[in-house]
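The values are calculated or read from the model by the stated rules, or taken from the named source; none is laboratory data. Keep in mind that what you see is a predicted model, and the values were worked out from it rather than measured. As a convention, Cβ positions derive from the backbone with ideal geometry for all residues, glycine included, and neighbour counts pool all protein chains shown.
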Amino acid sequence: MTGKFEIAVFQGDGIGPEIMAPTIEILRQMSDASPDYDLTFTNAPAGAAHYAQTGDSFPDMSMEIARSADAILLSAMGLPDVRYEDGTEISPQIDLRKKLGLFAGVRPVRVQAGQSTPLALPPGKEIDFVLVRESTEGLFHTQGCGEVLENEARETLLITRDVSEKLFKFTFDLAEERRKQGKGKGHVTCVDKANVFRAFAFFRDMFDAEAKQHPQLEANHAYVDATALWMVQKPWEFDVLVTENMFGDILSDLGAGLMGGLGLAPSADIGLNHAVFQPCHGSAPDIAGQGIANPFAMILSAAMMLEWLGSRNDNDALISDGSRLQNAVEKVISDGNSLTRDLGGEAGTEAAASSVLQEVLVA
């Protein structure tokens, strides 16, 4: 099915624009070469730098651009020395999650044969699992609004049936799709702390109810502390994990560590009608403007966007190109000839991205 798709682009702060530019160039060339889809891009100003210039961190116009787009591509956001008057960080990405109902934070963790990792993987073992993090409530519910008294402080963890049921349906559907594509074993793990907190027992009950709707898939539970241990000891055994917001925030960084760092960690925040795709890393203002930033996580996030657009719109070309782009990045990383400094190489941003483009063109 041929289709035209409008992509809202948030350029980001710090190194954000530097890694976004080559990513858009790769997407443009892939789009131009395909008779089956056409991508167009619209910039949506937002972020800390925009706030410093205008006093507005997220203009209404940019929200409308995002809301009307087919997908949203967002680069690294925030600057440590630019904050709101109350001292809190400027985070348009969190505003997007809440306003667009992006309840499913998708964090893939992949270490393929030949790719460097801090772990000593046993022969024949590869890592390929997905962590699904609830992204709108949990322990982040009272973000910036917790109660602080003279001798104590409180934050409120919120888990709702409405969001959790959507989250678990999304997760099981994802596991089924991975199983059909040969990427996963059809195994879903609920990560919680149900032995201590009633809220997580409630969370687990809803997971179990959804699991009954998918008898073709295997479902089990794991406490979050044990999961952290097993992610180091035997990460190749995981397929799809689903968890609360704060637990997911922590475990996703552990997953990035397995891959070699945040520079290789893509992500998506997905709701019923919208999705944002962005790298997990920060804006790294200390290296901004030097041309040495790692573009791989941004490009991998764009690959996730292509696959999501293709699945959502029954467009096999988009799905195929998303996989092709992901494979191109992984090939460049495995070859080791165009690695950026954070990965032990000497390549700059443009050289690393150009190597990915060349792999895409010959694939």
Next on the checklist: Please verify whether Pro123 is part of a loop (DSSP other than H, G, I, E, B) and either surrounded by 14 or more Cβ atoms within 10 Å (Cβ to Cβ) or not aliphatic (A, V, I, L, M) (or both), treating the condition exactly as stated.
Outcome noted: yes
Item to check | Which listed residue, of Asp286, Asp335, Asp342, Asp316, is within 14 Å of Ala265 (Cα to Cα) and surrounded by fewer than 22 Cβ atoms within 10 Å (Cβ to Cβ) | outcome: Asp342
Checklist entry - Residue check: is Met30 closer than 24 Å to Ile270 by Cβ and either of a type in the set (D, E, K, R) or part of a helix (DSSP H, G or I) (or both)? => result yes
Next on the checklist: Can you pull out every residue in the stretch 3-34 that is without any contact (Cβ under 8 Å) to a residue 60 or more places away in the chain and more than 20 Å from the chain's Cα centre (by Cα)?
Outcome noted: Lys4, Arg28, Ser31, Asp32, Ala33
Next on the checklist: With farther than 25 Å from Phe168 by Cα, hydrophobic (A, V, I, L, M, F, W, C) and in the same structural domain as Ile299 (by TED's automatic domain parsing) as the only criterion, which of Ala69, Ala120, Ala113 stands out?
Outcome noted: Ala69
Item to check | Candidates Glu25, Glu64, filtered to the one that is over 25 Å from Ile319 (Cα atoms), of a type in the set (D, E, K, R) and not in a loop (DSSP other than H, G, I, E, B) | outcome: Glu64
Next on the checklist: I'm trying to understand the selection: among the residues of the stretch 71-93, which are among the β-branched types (Val, Ile, Thr) and either surrounded by 19 or more Cβ atoms within 10 Å (Cβ to Cβ) or touching a Gly at 6+ places or on another chain (Cβ under 8 Å) (or both)?
Outcome noted: Ile72, Thr88, Ile90
Next on the checklist: Taking the conditions exactly as written (under 21 Å from the mean Cα position of the chain (by Cα), of a type in the set (A, V, I, L, M) and surrounded by 22 or more Cβ atoms within 10 Å (Cβ to Cβ)), does Val163 satisfy them or not?
Outcome noted: no
Checklist entry - Could we say that Leu167 is in contact (Cβ under 8 Å) with a residue 24 or more places away in the chain, in contact with a strand residue (DSSP E or B) (Cβ under 8 Å, 6 or more places away or on another chain) and over 30 Å from Ser311 (Cβ atoms) here? => result no
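Kindly indicate whether any position in the stretch 353-363 is in contact with a Gly (Cβ under 8 Å, 6 or more places away or on another chain) and not in a strand (DSSP E or B).
No, the conditions are met nowhere in the stretch 353-363.
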